[in-house]
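Quick notes on the structure that follows.
The values are calculated or read from the model by the stated rules, or taken from the named source; none is laboratory data. Note that the coordinates shown come from a computational prediction; the quantities given were computed from them, not determined experimentally. Cβ atoms come from the backbone with ideal geometry, glycine included; neighbour counts cover every protein chain shown.
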Amino acid sequence: MRCFVAVSVGPRITKTMASAVTELRAEAERSSLDVAWTRPEGWHITLKFMGEIAAEQRGEIGVAVHSALAGQPPLPVAARGLVALPRAASPRVLAVVCHDDGRLGELAAGLDAALEPLGCERERRRFVAHLTVARIRDRRASLRRGHWKGLGALVAAMADRELGRGEITSVGLYRSELGDGPARYELLERFELDAAPPPSTRAGGGA
């Protein structure tokens, strides 16, 4: 199974994002830019990508994720601005930037540490909270032909656009299924952010 841990930001943000994406898509079509757009149900902030895991690992991974989240209350998040990643001059991905009080980065680091003993490699890239809305296909040809110019200008104009505020109340363990078109995601397990202790420390558990 190809799995990852992520959070959803809620409808107040995704509805506003949908309006911005409509503008982006219209500009991409005018510019004849080949873009793969993600589905709204796939708009999530990835905290930890694990890649392929064995089905029999799911239980212990769930316990590790729960332990890493123990004591974490819900957290506010704000979506503001569009960005081209890794950089505007050579874009691969279009994303909405998410801002919080710093705890998303802490959660990502905690999951990294909790899952490493289970064979999941630590993330080498700096964590950036974002929601991927599109991927640029054949980007070198698009840049060479100038197809990116119009969309790039629109993304730059949206750099500070407010796209809504919400509250993250849970974390999900997801399975990703690749195929024709955008990837499809299946929620395998949900972990509520409610300051609950991990299973081994609950009343009646442990030694």
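Overview of values
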read-out	value
Selected residue [surrounded by fewer than 19 Cβ atoms within 10 Å (Cβ to Cβ), under 24 Å from Ile61 (Cβ atoms) and at pLDDT below 90] from Ala141, Ala183, Ala109	Ala183
Segment 1-52 - residue that is in contact with a Cys (Cβ under 9 Å, 6 or more places away or on another chain) and exposed (fewer than 14 other Cβ atoms within 10 Å of the Cβ) and, of those, farthest from Ala79 (Cα to Cα)	Glu52
Residues within segment 146-165 that are part of a helix (DSSP H, G or I) and of a type in the set (D, E, K, R), tallied	1
Selection status of Gly81, among the small types (Gly, Ala, Ser), surrounded by 15 or more Cβ atoms within 10 Å (Cβ to Cβ) and on the phi < 0 side of the Ramachandran plot	no
Residues satisfying the stated conditions in segment 16-37, i.e. farther than 25 Å from Gly51 by Cα, touching a residue at least 40 places away in the same chain (Cβ under 8 Å) and in contact with a helix residue (DSSP H, G or I) (Cβ under 9 Å, 6 or more places away or on another chain)	Met17, Val21, Glu23, Leu24, Glu27, Ala28, Arg30, Ser31, Ser32, Leu33, Asp34
Lone unmet requirement of (1) in contact with a Cys (Cβ under 7 Å, 6 or more places away or on another chain); (2) under 23 Å from Arg124 (Cβ atoms) for Val77	(2)
